[in-house]
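The block underneath contains the structure these notes are about, expressed in structure tokens.
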Amino acid sequence: MPNIPAAAPRLRHAVDGAGLGAGLTVLFAFACGALAANLYYAQPLVGLIGDSVGLDSSAESWIVTASQIGYGAGLIALVPLGDIFVSRKVILATMAANVASLLGLALAPGLFALFALTLVVGVTSAAAQLLVPLAASMAPPERRGSVVGNVMSGLLGGILLARPLSSFLAEYIGWRGVFGASAAVIAALLVAAFFLLPSRQPTATKTYGALIGSLGRLFVDQPLLRRRALYHAAMFASFSLFWTGAPLILLAEPYGFSPSGVALFALSGVLGVFAAPIAGRLADRGHSRTGTIGAMLAAVVGFGLALFGETSLAALVVAGILVDLGVQANLVIGQREIFALDESIRSRLNAVYMATFFAGGAIGSALTSPVLHAFGWKGVCILGLGFPAVALGYFLLGERRPG
């Protein structure tokens, strides 16, 4: 195994079949979380960023949309490479590019540079989704859901902590300092990954063009993949609506929160991280259907409570917890299901799944500011409730089978 550094000989056993050890699990989870967090630092800061670069308030949520569009592009262009190249090389190169783009974003002088570099940060943050199928490939089939759930706990922890962390740090180092700090964290992880990240030799022999061309066929030919991707696109649209819109109403009257206050509110969503390992274990035990129904119901009920969020902070907090719990649980159950389809194309399956639902997230974040501006917070909540409600209705009527 020539691509495993000599500094990490003890990892050979893990790669050859013993699965992920505790140390590697921590590295995978922490790296996934730090990379994914890059997409969410801007969510509570769109007002601050918009003010500093002269962006109209009705278009502020497009800052978040740009990172999600970039991430979707990275999922399509980069993640499938894990099926034809040694994943370690692709991951390290993408992480290095992520560091450079984060530093550029921290120094962005105006609107064009801001959006261009936000897109690149999104593209290169897709390295997180090269790590997840690599972890799944190293896990025995009977523990795959648990392993994916554990790694996804780190990724989801990064997503959920990104909002309160960026709100808190922005009060002291500004929004540019937030992205500079992220560059330093990813750089440190890049060094650790260089010495510790294991290698897996894929078996696919497709050219890059054929590889990318196969993604659309996978979406058409794999009904389970298609359904799961669209379910989560609806869930993620509601997630983006809530977490892009809630900070905007908290910063305004009658709440008038400071960035630190928004950070404390956003901490409520961190409870959603506990859904990932539980959902993975439920799926391993054959309860994917029950878990999916519960996840979608949680998002529906969450937005029902959020309707009262303009006058009740408690309702808004509970709504955030429920939306996050539902979205994270549905994500892990869906990934566990698609990873069982075909081991040899796992990176491409993950790319299609993630790109589809991030398109849903981009739609949700893009709609937030204009809907909030035109119809108020209740309009955002009704739209946010509708996405998971439609997904749940289709799931109940269209998948009448156990599991």
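Considering segment 120-177, and only residues there that are surrounded by fewer than 21 Cβ atoms within 10 Å (Cβ to Cβ), at pLDDT below 90 and of a type in the set (A, V, I, L, M), the residue that is farthest from residue 34 (Cα to Cα) turns out to be 139. Among (1) over 15 Å from residue 199 (Cβ atoms); (2) modelled with pLDDT of 80 or more; (3) crowded, with 24+ Cβ neighbours inside 10 Å, which single condition is residue 79 missing? Checking residue 79 against (1) over 15 Å from residue 199 (Cβ atoms); (2) modelled with pLDDT of 80 or more; (3) crowded, with 24+ Cβ neighbours inside 10 Å, the one that fails is (2).
Does residue 103 meet the test of being out of contact with any Leu (no Cβ under 7 Å at 6 or more places or on another chain) and of a type in the set (A, V, I, L, M, F, W, C)? Yes, satisfied. Taking first residues from segment 45-57 that are under 12 Å from residue 178 (Cβ atoms) and partners that are acidic (Asp, Glu) and crowded, with 20+ Cβ neighbours inside 10 Å, the Cβ contacts under 9 Å between residues at least 6 apart in sequence or on separate chains come to 49/60. Out of 233, 275, 279, one residue alone is under 21 Å from the mean Cα position of the chain (by Cα) and modelled with pLDDT of 85 or more. It is 233.
This table checks each residue for (1) farther than 25 Å from residue 384 by Cα; (2) touching a residue at least 40 places away in the same chain (Cβ under 8 Å); (3) of a type in the set (S, T, N, Q); (4) not in a helix (DSSP H, G or I).
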residue	(1), (2), (3), (4)
319	no, yes, no, no
322	no, no, no, no
327	no, yes, no, no
332	no, yes, no, no
338	yes, yes, no, no
341	yes, yes, no, yes
347	yes, yes, yes, no
353	no, yes, no, no
360	no, yes, no, no
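Report yes if residue 391 is farther than 17 Å from residue 309 by Cβ and either modelled with pLDDT of 90 or more or touching a Pro at 6+ places or on another chain (Cβ under 8 Å) (or both), otherwise no. Taking the combined requirement at face value, the residue satisfies it.
Considering the conditions (1) surrounded by fewer than 17 Cβ atoms within 10 Å (Cβ to Cβ); (2) of a type outside the set (A, V, I, L, M, F, W, C); (3) in contact (Cβ under 8 Å) with a residue 12 or more places away in the chain, residue 238 is excluded by exactly one of them, (1). Which residue is surrounded by the most Cβ atoms within 10 Å (Cβ to Cβ), if the candidates are limited to segment 189-207 and must be touching a helix residue (DSSP H, G or I) at 6+ places or on another chain (Cβ under 9 Å) and at pLDDT 80 or above? Per the stated criteria, the residue is 197. When segment 47-100 is filtered for residues that are under 27 Å from residue 209 (Cα atoms) and not in a helix (DSSP H, G or I), the ones remaining, listed by number, are 78, 84, 85, 86.
For segment 365-381, does any single residue satisfy the condition of being closer than 24 Å to residue 282 by Cβ, part of a helix (DSSP H, G or I) and either touching a residue at least 40 places away in the same chain (Cβ under 8 Å) or out of contact with any His (no Cβ under 6 Å at 6 or more places or on another chain) (or both)? Checked against the condition, which is being closer than 24 Å to residue 282 by Cβ, part of a helix (DSSP H, G or I) and either touching a residue at least 40 places away in the same chain (Cβ under 8 Å) or out of contact with any His (no Cβ under 6 Å at 6 or more places or on another chain) (or both), segment 365-381 yields no hits at all. Just so you know, in segment 29-76 the residues that are of a type in the set (Phe, Trp, Tyr) and over 20 Å from residue 216 (Cα atoms) include one that is surrounded by the most Cβ atoms within 10 Å (Cβ to Cβ), and it is 41.
Out of 176, 88, one residue alone is under 29 Å from residue 47 (Cα atoms) and of a type in the set (Lys, Arg). It is 176.
Among residues of segment 280-309 that are surrounded by 24 or more Cβ atoms within 10 Å (Cβ to Cβ), those with a Cβ under 6 angstrom from a residue that is modelled with pLDDT of 95 or more and not aliphatic (A, V, I, L, M), sequence gap 6+ or separate chain, pair up as 296/388; 299/238; 299/388; 303/381; 303/384; 306/381.
Residues in segment 252-266 that are surrounded by fewer than 18 Cβ atoms within 10 Å (Cβ to Cβ) and either touching a helix residue (DSSP H, G or I) at 6+ places or on another chain (Cβ under 6 Å) or at pLDDT below 75 (or both): 260 only.
Within segment 189-200, the presence of at least one residue that is in contact (Cβ under 8 Å) with a residue 24 or more places away in the chain and under 19 Å from residue 39 (Cα atoms) is confirmed.
Just to be sure, is residue 212 modelled with pLDDT of 95 or more, in a helix (DSSP H, G or I) and β-branched (Val, Ile, Thr)? So residue 212 fails the test.
The values are calculated or read from the model by the stated rules, or taken from the named source; none is laboratory data. Bear in mind the structure is a predicted one, so any value in this text is a computation, not a measurement. As a convention, Cβ positions derive from the backbone with ideal geometry for all residues, glycine included, and neighbour counts pool all protein chains shown.
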